[in-house]
1. Compute the convex hull volume of the Cα atoms of the stretch 699-753, divide it by the residue count, and report the result per residue in Å³ as a whole number.
2. Leaving out ligands, DNA and RNA but keeping every protein chain, what accessible area does residue 60 have, in Å² rounded to the nearest 10, with a 1.4 Å probe?
3. I need the Debye-formula profile for the stretch 623-757: one equal scatterer per C-alpha, no solvent, reported as log10 I(q)/I(0) at q = 0.15, 0.18 1/Å, two decimals.
4. I need the GluC sites (Glu not before Pro) found in the stretch 690-742, filtered to DSSP loop residues with at most 12 other beta carbons within 10 Å of theirs.
5. Simple spin-label model, 7 Å along Cα-to-Cβ: residue 708 to residue 570 in nm?
6. Only sites in a loop by DSSP and with at most 12 other Cβ atoms within 10 Å count here; which trypsin sites (Lys or Arg not before Pro) in the stretch 671-757 make the cut?
7. Would you mind checking 361/442; 501/538; 361/632 for any pair whose Cα atoms are more than 18 angstrom apart?
8. Quick one: work out Rg over Rh on the C-alpha atoms of the stretch 450-526, Rh as Kirkwood radius.
Amino acid sequence: MSEQGKGSAPASAAAPAPGSDTYKGWLFKWTNYLKGYQRRWFVLSNGLLSYYRTQAEMAHTCRGTINLATAHIDTEDACNIVLSSGGRTYHLKASTEVERQRWVTALELAKAKAIRMMNDQSDDSGDEEPTSQSDRSEIQGTLKILVSKLDDLSTCNDLIAKHGAALQRSLSELEGLKVPVEGGEKIKAVNERATLFRITSNAMINACRDFLDLAETHSRRWQRALQYEREQRIHLEETIEQLAKQHNSLERAWREAPTLVSTTPSAPTANKGGSERLHKEEASDEDENTEYFDAMEDSPEFITVTATENTQHRRSSNLSGASGGQPNHWNQDDHMSPSCNDVSGKELQPRRQRRTHVPDKPNYSLNLWSIMKNCIGKELSKIPMPVNFNEPLSMLQRLTEDLEYHELLDKAARCDSSLEQMCLVAAFSVSSYSTTVHRTAKPFNPLLGETYELDRQEEFGYRSLCEQVSHHPPAAAHHVISQRGWTLWQEITIASKFRGKYLSIMPLGAIHLQFHSSGNHYVWRKVTSTVHNIIVGKLWIDQSGDIEIVNHRTKETCQLKFSPYSYFSRDVPRKVTGMVADSEGQAHYILSGTWDDKIESAKIIQSSRGGSGSEGKQKTVYQTLSPKLLWKKYPLPENAENMYYFSALALTLNEPEEGVGLTDSRLRPDQKLMEEGRWDEANSEKQRLEEKQRAVRRRREAEASDAVDEGKEYEGYQPLWFHQRRDSVTGETNFVYNGGYWEAKERQDWSMCPNIF
């Protein structure tokens, strides 16, 4: 991440020259919640405040402009300035209070002058839109008249100087006179000179008045012409913005069309992708409104170049030194060692037939006002949110969907190389987001004590169990064990922030993955999910942030970057880039792709220092072999758009299973009613369950209060299948599996389960 605006960089401004309308200097500008304040060069001129990344950009790229004539200037604290005009708001910060006051003074003066100029323009009722040819002729004629008037002023000036000198001589002679007769003649001459001087002066004054009137009249016309050009430019920018959005929508539609997406990339496509990466490293213009991100400063700090076939053979003798002694098992036709590509016999066993569809989503219209008006006067905690906003799955089932591409972990468990294993683990961490691209509906909040099991031991060798271990804050614990050599566990707490136009969802908690044979223990955390257009427009989801995957046994790391979407960027939407490095920090693999489609890896065979990128940072150039596919998203089932955009796995998650626990999400009545399309009944059932949960919570609070009054300890709620312990790797306290669930299922003894439904 680039420099933050909260640093101590100087933000001095140049003092305006006397009579000058320009004021320049450094200020800090709020960009977004990831970057905070960023240092920008601001220029105040002619009632317009513009800003640039650097002073050098003034010659070619303006990042934004605000018209002070219609702007509101406010000061938040000692150093902050807030400028708002229409729908655009700038949050600025000066380095000192004195500097802030200088800027505020300059802005107020510029605003007053801009308002006067705007009022002057409105007083004149001339033509608003100049035509091209006639306006040019009129301007040229005006310029000729102005030149003629200027010549008249120059002639009058010469005459005034001449007659003034003659008048001065006459007065001097008058002083030396002694004869009264001669005095009368001289006085007459003085009067004649004075009369000539007065006539000439009047002529000059009239010429000046004519010049000023003409200049003022045409100045207003030129101001109107300039304002018209500015409006045309704004209109053009808005048109380009709409075209960019339409282009992106078409690109998304093309990418998501099942008939146009190939399942395996061809070799020419891979080579083309390697060469195109050189052109995608440069950044685009920024628009730092709240809903967009600064794509330029987020550009990768490395460039990849795909090696040619001759280069591969020429450098084959140096592969061992370039990659830290790992390539002994390397095969140029496949990045993964043979052990990674082995297929166990269990994968060839026949699979149980599971359902491939759910009832179509009803086309119920949602009137937001009809919901809100029913909430007036009610306690906030008692307001029931209708199932119209939901999909018929719980958060526990959504968490289980992370296992859709479990075969990546099966493959990773067979890898001899921990670096190759890291690549597959990274692909698995990205694959969990592939199902979210169209899933804008909200899953059901699990009730406290609710569980969900997914037993795929016969088909895929793993068993998964989730339990809602806390309700405030909402937290779920998850444990998966596979007969194919790995165990995964996690505790996820969801934190969300509503930003007005979008909702940020931040999963808190670490994901642990351990392979049985090698003991490799991987830990990573999820990125931030953002739901856009909460109030107006079509909902869409973006993933952004960084993931660091650490192998705590070998200290190898993988850095993944999820680039936030920006229609100003030339990069592929939903782009993910990454690098796998050993314990010494030396890079071995480059990862690239998108979180909704595929991830590829390319083995590094040579690295070198490249030229400077944006902000003067030097980039590393990695020469790699052709990229190999690690993960590819499965196509959605037929008619998925009418089935909540569920994947093949999601369609089976709510399928009835025999012998599951009494608290299993499959048995939740409101969720089942919604899946069947009986939404009115689902809303009533949902309200009943929530009220039942509140009553249980109030009873526990009363028991805790009674225990305190009696001086006794109150244990509080304890999850049934998970318990808290401090993790030896991360040092955090989290919930881990107790054991006993699958044994209870074999016995069909669920007497310990609470009645939550």
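1. Details: hull volume 6.3 nm³, N = 55.
Cα-based convex hull of the stretch 699-753, divided per residue, equals 115 Å³.
2. 130
3. Log10 of I(q)/I(0), two decimals: -1.11, -1.24.
4. Details: sites: 690, 691, 701, 703, 710, 713, 715, 732; in loops: 710, 713, 715, 732.
Within the stretch 690-742, the qualifying GluC sites (Glu not before Pro) (loop, at most 12 other Cβ atoms within 10 Å) are 710, 713, 715, 732.
5. Here the modelled spin labels are 6.3 nm apart.
6. On the way: sites: 672, 678, 686, 688, 692, 694, 697, 698, 699, 700, 712, 725, 726, 745, 747; in loops: 678, 712.
Answer in residue order: 712.
7. Numbers: 361/442 14 Å; 501/538 12 Å; 361/632 28 Å.
Distance filter (> 18 Å) returns 361/632.
8. Numbers: Rg = 15.2 Å, Rh = 14.1 Å.
When Rh is taken as the Kirkwood radius, the ratio is 1.08.
The values are calculated or read from the model by the stated rules, or taken from the named source; none is laboratory data. This is a predicted model, so every value here is computed, not measured. Note that each Cβ is placed from the backbone with ideal geometry, even for glycine, and that neighbours are counted across all protein chains shown. All accessible areas refer to the heavy atoms of the entire protein, side chains included, with ligands and DNA or RNA removed. Shrake-Rupley method; radii C 1.70, N 1.55, O 1.52, S 1.80 Å.
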